[in-house]
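The values are calculated or read from the model by the stated rules, or taken from the named source; none is laboratory data. Predicted model only: the values in this text are computed from it and were never measured. Neighbour counts run over all protein chains shown; Cβ positions are idealised from the backbone, glycine included. These accessible areas exclude ligands, DNA and RNA; they are computed on the full protein's heavy atoms, side chains included. Shrake-Rupley method; radii C 1.70, N 1.55, O 1.52, S 1.80 Å.
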Amino acid sequence: MENNILENIHILKQMHEDGLLGGEVMPEDVLINVVKEDELLDVLTLAMALNYQRNSYSLWESVVKAYQDPKTSWIFNPIVVANKDIHELREALLLHRVGLQPNRHPDIWQRVAKGIVHSSEQGNVQGLIESVEFDISLLKEIVQGSRKSEFPYLSGPKIFNYWLYVLECYANVSWKSRELISIAPDTHILKATVKLGLCTEEVLNGSGDDRIAVANVWVKALAGSGLAPIDVHTPLWLWSRAGFPPLTVI
């Protein structure tokens with residue numbers, strides 16, 4: 001069975017590379033050539049904290065609008081956000097629909113900004129990841145452990161791991177111990193995992209335990225394959241989103 005799974009994964013990765021899974025434009029692609037390189041880490045991190053139970057494409061399109069609008073571009077500066085009146089922050093987040101919930105989203109955004117600012121003298125995400133020397137295990141200990149309350153949503157297993165992956169893909173962050181980036185078990189990943197026969201349909205309930213179980217299944221399935229679990233995230237995500245087209249190679 002394990003060989004079969006790996007064979008299917010390699011087919012899926014090839015289908016992704018060949019553009020056979022549709023939607024080869026990922027949600028975060030809209031930031032390319034729009035966000036300045038030295039601001040990209042902050043934009044990706046703050047917005048990722050709100051990438052929960054919503055359409056990812058709509059979120060990142062809203063992020064671009066807010067970034068390009070002089071009235072709202074400041075929401076991506078952690079130092080400014082950390083010291084801003086919450087009412088002003090609410091107004092700015094809602095203007096282009098970066099935030100949808102008028103109370104919860106501004107609170108999350110400001111708490112994450114303060115967590116970033118408190119992590120280094122630089123007061124930005126670059127400073128945060130430099131403070132742990134690009135080591136995922138140390139960053140994990142901070143964001144998901146000792147200072148978890150400072151990073152709401154971002155500390156969750158789904159968003160945390162996908163955040164690390166996105167920083168690697170879009171901001172060229174070179175992580176130490178990248179094998180520690182587990183798959184980001186969102187709804188599409190849960191469905192694809194069941195479709196491949198790695199889990200029963202019970203995990204589709206999507207509880208915290210279900211997501212952890214799926215993440216662990218992928219660690220076992222890919223052990224010794226040379227692939228990190230996060231490497232299969234995008235092919236699986238697109239495969240599910242496309243309605244599970246048959247696994248075929250050109």
Practice task
Enumerate the amide H contacts of Lys176 below 5 Å, restricted to partners 5 or more residues apart or on another chain; note that Pro and chain-start residues carry no placed amide H.
Solution key: Asp135, Ile136
Fill in the blank from the handout: For the stretch 123-213, the dipole about the Cα centre with charges only on Cβ (Lys and Arg +1, Asp and Glu -1), to the nearest 20 debye, works out at 100
Handout entry: Accessible carbon and sulfur surface of the chain relative to its total accessible area, %, 1.4 Å
Key = 48
Problem - Cross-link reach list, lysines versus Lys13, counting only Cα pairs under 29 Å and skipping chain neighbours closer than eight places - result: Lys140, Lys158, Lys176, Lys191, Lys195, Lys220
Exercise for the section: Before rounding to the nearest 500, sum -39500 (n - 2.57) across all DSSP H runs of length at least 4 in the chain and divide by the residue total; then give [θ] at 222 nm in deg cm²/dmol. Expected result: -15500 deg cm²/dmol
Fill in the blank from the handout: Once phi for every residue in the stretch 107-122 is put through the Karplus expression 6.51 cos²θ - 1.76 cosθ + 1.60 (θ = phi - 60°), the whole-Hz ³J(HN,Hα) values, with Gly and Pro written as x, are 5, 4, 4, 6, 5, 5, 4, 5, x, 5, 4, 6, 8, 6, 5, 5
Problem - Given (1) -0.24; (2) -0.21; (3) -0.30, the label whose value is log10 I(q)/I(0) by the Debye sum over Cα atoms at q = 0.07 Å⁻¹ derived from this model - result: (1)
Completion exercise
Per residue, the convex hull enclosing the alpha carbons of the stretch 1-65 has a volume in Å³ of 138
Problem - Total charge dipole magnitude, the chain, about the Cα centre, Cβ charges on Lys, Arg, Asp, Glu only, Debye to nearest 20 - result: 600
Handout entry: Note, ³J(HN,Hα) from phi for the stretch 169-174, Karplus 6.51, -1.76, 1.60, rounded to Hz, x at Gly and Pro
Key = 6, 9, 10, 6, 6, 9
Practice task
Please sort by residue number the trypsin sites (Lys or Arg not before Pro) in the stretch 44-78 whose DSSP state is loop and whose Cβ has at most 15 other Cβ atoms within 10 Å.
Solution key: Arg54, Lys71
Handout entry: Sequence-distant residues sharing a close amide H with Gly99 (under 5 Å, placed H)
Key = Leu94
